[in-house]
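Values quoted throughout were computed directly from the atomic coordinates according to the rules given, and no laboratory measurement underlies them. The structure displayed is predicted, hence computed values, not measured ones. With ideal geometry, Cβ positions are generated from the backbone for all residues, glycine too; neighbour counts draw on all protein chains shown.
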Amino acid sequence: MDPLPADLAATIAANLARLRARIAEACARANRPAESVTLVAVSKTQPVEAVRAALAAGQTVFGENRVQEAAAKFPPLRAAHPGLRLHLIGALQTNKAREAVRLADAIESLDRPRLAAALAEAMRKEGRRPTLLVEVNTGDEPQKAGVPRAEAEAFLRACREDYGLAIAGLMCIPPAGEDPRPHFEYLAGLAAKHGLPILSMGMSADFEIAIACGATHVRIGTALFGPRPPLRAAR
Ligand SMILES: *Cc1c(COP(=O)(O)O)cnc(C)c1O
């Protein structure tokens with residue numbers, strides 16, 4: 001495991017300060033308090049040293065998209081950083097539900113009945129209840145995770161009524177190369193209709209638009225950590 005150069009820690013601290021300022025400005029333009037938006041630092045494929053650098057700069061909420069990678073990186077950091085919060089934001093296999101429930105403070109990618117059933121069982125067995133968000137495939141893209149638009153409301157009902165799951169909010173990843181605004185507005189409308197307080201939307205390229213549309217959580221990777229190294233290099 002190569003140590004990060006000291007200047008990378010400084011770069012991450014500077015990027016974090018700049019991002020916090022941009023989030024505060026976007027909140028001010030939307031007449032929202034800056035504390036109404038949580039920055040989720042997406043550390044997928046980044047070495048644990050990059051996570052340590054962000055923690056040292058005061059960042060506490062992190063996002064990972066693979067259970068195994070999260071399991072390797074985060075549990076050892078928890079003792080020294082009791083305020084650390086881990087969000088799982090990637091497509092989740094049902095056979096990883098139990099480990100996901102053990103590891104995560106929030107799971108943002110609930111998108112199908114079998115996963116709802118697996119998470120409900122895992123939460124019962126583990127005695128742990130991570131915050132759950134339903135991921136909506138707002139572009140109805142066939143290759144993408146998330147519940148299709150037309151099924152979203154029925155799925156929200158099923159989570160509550162069939163699986164006894166409390167859903168705290170919604171997450172989406174708009175189609176690449178499209179104006180994200182209509183997707184964010186749709187998600188915000190759906191959350192309002194169902195009384196869901198959390199809206200996880202907006203990434204490095206579009207988080208200011210997401211904040212204008214009501215995002216409570218923005219998931220930012222490259223604008224904080226720089227370009228992602230290849231997966232193999234992440235340890
Ligand atoms: C990788 C990822 C992000 C962060 O993307 P950036 O463009 O690097 O900010 C956000 N959300 C999800 C679900 C991701 O997989």
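Just a few scattered comments:
- Cβ-placed point charges (K, R +1; D, E -1), dipole of the chain about Cα centre in debye, nearest 20: 620
- Distance histogram in 10 Å bins (all Cα pairs of region 126-189, percent per bin): 21, 49, 24, 6, 0
- Ranked for footprinting exposure by Cβ neighbours inside 10 Å, fewest first, 209, 220 give 209, 220.
- Across region 6-225, counting alpha-carbon atoms alone, Rg and Dmax equal 16.8, 51 Å.
- Converting phi to 3J(HN,Hα) with the Karplus coefficients 6.51, -1.76 and 1.60 and the offset θ = phi - 60°, region 31-46 yields 6, 10, x, 4, 6, 7, 10, 9, 7, 9, 7, 8, 9, 3, 6, 7 Hz in sequence order, with x at every glycine or proline.
- Amide H to amide H, with H built 1.01 Å from N, residue 137 comes under 5 Å of 147, 149, counting only residues 5 or more places away or on other chains.
- Each Cα pair under 8 Å and six or more residues apart adds its sequence gap; the mean of these over the residue count of region 6-225 is a relative contact order of 20 percent.
- Neighbour counting of Cβ atoms within 10 Å sorts the residues 102, 114, fewest neighbours leading, into 114, 102.
- For residue 61, the residues whose modelled amide H falls within less than 5 Å of its own, excluding neighbours fewer than 5 places apart on the same chain, are 41, 85.
- Scanning the chain for long hydrophobic helices, with DSSP H runs required to stretch 24 angstrom or more by C-alpha along their axis and to average at least -1.0 on the Kyte-Doolittle scale, returns 6-29.
- Of 41, 123, 28, farthest towards positive along the dipole that unit charges on Lys, Arg, Asp, Glu beta carbons give region 6-225: 123
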